[in-house]
Amino acid sequence: MTDLLPLIVAKYNYWLYVILMMIGLYAMIAKNNLIKKVVGMNIFQTAIILFYVSIGYKKDATLPIIQNAHGGQDAHAAVIHAIDYINPLPHVLMLTAIVVSVATFGVAMALAVRIYQRYQTLEEDELRMRLSEK
Amino acid sequence: MDNYPVLIVVAPLLAALFSGLAVWIEERLSYPIALTGLAISVFSAFNVLLQVITSGPIQYRMAGWAPPMGIEYRIDLLNAMVLLLVSSIGFLNLVASYKSVKQEIYDRAPSFYIVYLLFMTGLLGVTATGDLFNLYVLIEITSLTSYAMVALGDRDRGPLASLNYVFIGVIGASFYLLGVGYLYMQTGSLNMADVAHILQSHQESSIVLTAFILCIIGLWIKMAFFPMHVWLPNAYSYSPVAFARVVAPLMTKVMVYVMIRLMITVFGLDYIFKSPFLADAVVWLASIAIIFGAVMALAQKNLKKMLAYIIVCEIGYMVGGAWMGNQLGMTGAILHILNDALMTFAMFLAVGNIVYKLKDVELFNLTGLFGKMPWTMAGFVLAAFSIIGVPPTCGFFSKWYLILGAFEKGAYHFAAALVISSLICAVLFFRVFEICFFPPISEDSGHKKSHSPVVMAEAPVSMLIVSGLVSLSLIVVGLYSGTIVNTIIIPFLK
């Protein structure tokens with residue numbers, strides 16, 4: 001038990017993303033209201049985006065913009081250490097993933113609107129009842 | 001021309017843009033533009049296949065950026081075959097769709113064509129790309145368009161089926177994305193060939209194992225492998241028939257392709273089959289999937305739903321074959337991608353023709369169809385024989401390889417599941433034939449059961465021609481399956 005705590009603290013970013021992901025998954029599975037499910041889906045996707053953002057981070061590192069690159073005094077003298085800069089690639093990937101998740105969210109919302117127009121309800125048990133009546 | 005690999009993907013994308021713009025001028029223009037885009041795609045895919053067969057794999061660098069920095073399209077024999085398959089099915093289905101779209105979604109025909117083209121772009125991109133993250137984005141393009149398409153279908157249940165599909169699809173894609181994240185953590189690269197190269201020195205890493213499991217589970221959800229199949233029957237049977245015809249044969253098969261690509265190219269078969277336990281478990285799961293799919297298909301009263309469960313069953317064949325861990329099984333799985341896509345397409349074309357005339361495909365409504373629609377039913381019978389696995393049709397040959405693979409591995413339960421499911425399919429289809437063969441019995445004629453006269457009422461010629469062509473291709477592919485295996489699959493696996 002004493003070993004577990006440092007492990008959690010040292011890798012808290014992974015624990016956070018796992019917890020967020022499980023919250024999202026729980027909402028998608030257990031909630032009855034379709035909008036709540038859609039929100040759960042969004043939390044689920046955001047958890048993965050945060051995971052990617054956190055793996056690009058390095059301790060004591062800065063933004064991946066090379067200091068004094070444009071005509072600074074010691075632009076050529078300074079050696080660029082990769083360890084001084086956080087890894088921008090996962091962040092760039094997440095721009096695309098955010099676009100995807102927004103698009104999915106939009107489609108899901110549009111579908112929810114269509115369902116509401118058709119059945120006047122977004123509760124899943126009521127929908128199931130309506131559907132079995134036919 | 002060097003740009004064929006990218007033209008396959010870009011042509012439908014641009015066509016989607018132009019047919020969207022063309023709607024502002026004249027609504028009728030969107031169809032010919034869509035047709036042209038996919039025709040260019042088919043032509044390029046054909047050229048790429050010839051090029052790959054004669055001179056080996058093609059590496060296409062997007063905008064000239066060298067991998068691993070840039071995105072690379074890497075086309076080898078397996079890709080090239082699947083690309084040609086996907087683009088031709090997309091094209092042929094579009095030819096057959098004109099009339100059924102006009103009838104079924106008359107008010108939104110242009111949007112149907114645009115979304116259809118984007119769907120094809122996604123599928124072709126998934127097949128062509130050699131970059132793991134690009135693959136994710138293209139999978140999402142494919143999924144997003146299919147959500148929209150399913151919602152376009154049945155006006156009562158379409159949106160709800162689609163929303164459930166969205167939830168499950170998002171979980172699948174997110175698992176895949178998470179797996180890619182872990183791979184990136186370990187390797188620092190996203191290019192498939194590069195990742196594979198780096199992974200060779202990380203065989204023992206638990207991160208790689210996590211990545212592998214997450215990716216594969218994500219793909220299993222997307223391909224509706226047995227415990228994760230619940231979304232498929234509703235989504236496919238409530239979508240418009242013009243879309244069901246293309247999503248049923250292609251979507252799941254392309255995902256199987258992606259799984260095989262990850263297994264062979266990225267992780268490597270040696271890595272996957274190092275511990276026999278995992279592969280054994282998957283083959284068992286596949287056997288259960290096969291039996292479950294077949295039994296559920298037997299329980300359905302609607303032809304579309306029945307076929308949807310047959311897809312679940314066929315996915316079991318392919319996953320089982322791929323995880324058999326020997327060359328015969330893998331050959332069977334790859335050959336079955338081709339065969340199953342063709343026979344499901346032929347089957348759904350026949351169903352599309354029936355829907356066009358009858359509006360629904362509840363089994364009890366199908367009486368007397370052999371007299372009413374003889375050509376459609378001829379196609380239906382051929383496709384059914386192929387799914388059952390009657391020898392001259394192509395379905396037999398891939399099943400043969402799968403069974404040989406199962407025997408070589410000693411997975412007799414898989415071989416047994418395969419044979420049992422074939423028998424169930426035979427029962428299933430002969431039951432449909434029986435219903436379709438006899439004309440409806442008119443109730444009012446008292447003691448003498450007289451048959452009401454059957455009038456021939458066939459689907460439009462364009463649909464019939466496509467249906468006939470694809471059904472004949474089942475036999476042709478069956479007869480030439482030796483050639484396909486020797487020129488494409490065996491050299492690929494070497």
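Here is how the numbers come out for the structure above:
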{"quantity": "Computed over the protein assembly as shown, the ratio Rg/Rh where both radii use C-alpha atoms and Rh is Kirkwood", "calculated": "0.99"}
{"quantity": "Quotient of Cα Rg and 2.2 N^0.38 Å for chain A, N being how many residues it contains", "calculated": "1.59"}
{"quantity": "Long-range HN-HN contacts of B:VAL390 with modeled amide H, under 5 Å", "calculated": "B:PHE396"}
{"quantity": "Eligible lysines near B:LYS222 by straight Cα distance, threshold 16 Å, same-chain separation 8 or greater", "calculated": "B:LYS253"}
{"quantity": "Integer Hz, Karplus 6.51/-1.76/1.60 couplings in order for the range B:342-349, x for Gly and Pro", "calculated": "5, 6, 5, 4, 4, 5, 6, 4"}
{"quantity": "Shielding score for A:95-105, defined as the mean number of other chain Cβ atoms within 10 Å", "calculated": "4"}
{"quantity": "FRET E, pair A:VAL102, B:GLN103, Förster distance 30 Å, beta-carbon r, rounded to 0.05", "calculated": "0.30"}
{"quantity": "All Cα pairs of the range B:277-494, percent lying beyond 29 Å", "calculated": "30"}
{"quantity": "Set of lysines with alpha-carbon distance to B:LYS357 below 24 Å, sequence-local pairs under 8 removed", "calculated": "A:LYS134, B:LYS99, B:LYS102, B:LYS301, B:LYS304, B:LYS305, B:LYS372"}
{"quantity": "Mean separation of Cα contacts under 8 Å, 6 or more apart, over the residue count of chain B: relative contact order %", "calculated": "13"}
{"quantity": "Mean ellipticity per residue at 222 nm, deg cm²/dmol - from DSSP H runs of n ≥ 4 across chain B, formula -39500 (n - 2.57)", "calculated": "-25500 deg cm²/dmol"}
{"quantity": "Accessible carbon and sulfur surface of the protein assembly as shown relative to its total accessible area, %, 1.4 Å", "calculated": "68"}
{"quantity": "Amide H within-cut-off set for B:ILE71, under 5 Å, with H built and near neighbours excluded", "calculated": "B:MET62"}
{"quantity": "If the convex hull is drawn through the Cα atoms of the range B:164-310, its volume per residue in Å³", "calculated": "104"}
{"quantity": "Computed P(r) (all Cα pairs; chain B; 20 Å bins; percent)", "calculated": "24, 59, 16, 1, 0"}
{"quantity": "For the range B:277-494, accessible area per residue (1.4 Å probe, heavy atoms of protein chains only), Å²", "calculated": "39"}
{"quantity": "Backbone HN-Hα couplings from phi across the range B:327-333 [Karplus 6.51/-1.76/1.60, Hz, Gly and Pro as x]", "calculated": "5, 5, x, 5, 4, x, 5"}
{"quantity": "By accessible area with a 1.4 Å probe, ligands and nucleic acids excluded, highest first: order of B:ASP76, B:ASP280, B:ASP340, B:ASP2", "calculated": "B:ASP2, B:ASP280, B:ASP76, B:ASP340"}
{"quantity": "Spatially proximal aspartates and glutamates relative to B:LYS494 (Cα-Cα < 20 Å; intrachain offsets below 8 disregarded)", "calculated": "B:ASP76, B:ASP194, B:ASP270, B:GLU408"}
{"quantity": "Pair A:THR62, B:ILE475: separation of 7 Å Cα→Cβ label points (nm)", "calculated": "7.5"}
{"quantity": "Cβ crowding within 10 Å averaged over residues, with B:295-308, B:16-29 ranked highest first", "calculated": "B:295-308, B:16-29"}
{"quantity": "Cα-based shape type of the range B:316-411, given that a ≥ b ≥ c are square roots of the gyration tensor eigenvalues and the cut on a/c is 1.5", "calculated": "prolate"}
{"quantity": "A/B buried area, accessible surface, summed, 1.4 Å probe, Å²", "calculated": "3000"}
{"quantity": "Proximal charge balance of A:ALA10 [Cβ under 14 Å; K/R count +1, D/E count -1]", "calculated": "+1"}
{"quantity": "Dimensionless Rg/Rh of the range B:120-167 - Kirkwood Rh, Rg from C-alpha atoms", "calculated": "1.11"}
{"quantity": "In Hz, Karplus ³J(HN,Hα) per residue of the range B:321-326 (6.51, -1.76, 1.60; θ = phi - 60°; x = Gly, Pro)", "calculated": "x, 5, 8, 5, x, 10"}
{"quantity": "DSSP-assigned coil residues among GluC sites (Glu not before Pro) in the range B:341-448, each with at most 10 further Cβ atoms within 10 Å", "calculated": "none"}
{"quantity": "For A:TYR85, distant residues with modelled amide H under 5 Å away", "calculated": "A:THR62"}
{"quantity": "Solvent-accessible ranking of B:TYR31, B:TYR147, largest area first, probe 1.4 Å", "calculated": "B:TYR31, B:TYR147"}
{"quantity": "Exercise: per-residue mean of other protein chain Cβ atoms within 10 Å, B:135-144", "calculated": "3"}
{"quantity": "Taking the C-alpha atoms of the range B:18-77, convex hull volume expressed per residue in Å³", "calculated": "95"}
{"quantity": "Nearest 10 degrees, 0 to 90: helix B:158-187 Cα axis against chain B principal axis", "calculated": "20"}
{"quantity": "Neighbourhood net charge (12 Å Cβ-Cβ; Lys/Arg +1, Asp/Glu -1) for A:MET28", "calculated": "+2"}
{"quantity": "Per-selection Kirkwood Rh - the range B:1-101 (Cα, Å, 1 d.p.)", "calculated": "14.5"}
{"quantity": "Longest to shortest principal axis, alpha-carbon extents of the range B:180-224, angstrom", "calculated": "32, 20, 15"}
{"quantity": "For peptides B:121-127, B:165-171, A:33-39, sequence by mean Cβ density within 10 Å, most packed first", "calculated": "B:121-127, B:165-171, A:33-39"}
{"quantity": "Trypsin sites (Lys or Arg not before Pro) within the range B:344-408, DSSP loop, no more than 13 other Cβ atoms inside 10 Å", "calculated": "B:LYS359"}
{"quantity": "Neighbourhood net charge (13 Å Cβ-Cβ; Lys/Arg +1, Asp/Glu -1) for B:VAL166", "calculated": "+2"}
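The values are calculated or read from the model by the stated rules, or taken from the named source; none is laboratory data. Keep in mind that what you see is a predicted model, and the values were worked out from it rather than measured. Reconstructed Cβ throughout: ideal geometry from the backbone, glycine too, with neighbour counts over all protein chains shown. Note: areas computed on protein heavy atoms with side chains; ligands, DNA, RNA excluded. Shrake-Rupley method; radii C 1.70, N 1.55, O 1.52, S 1.80 Å.
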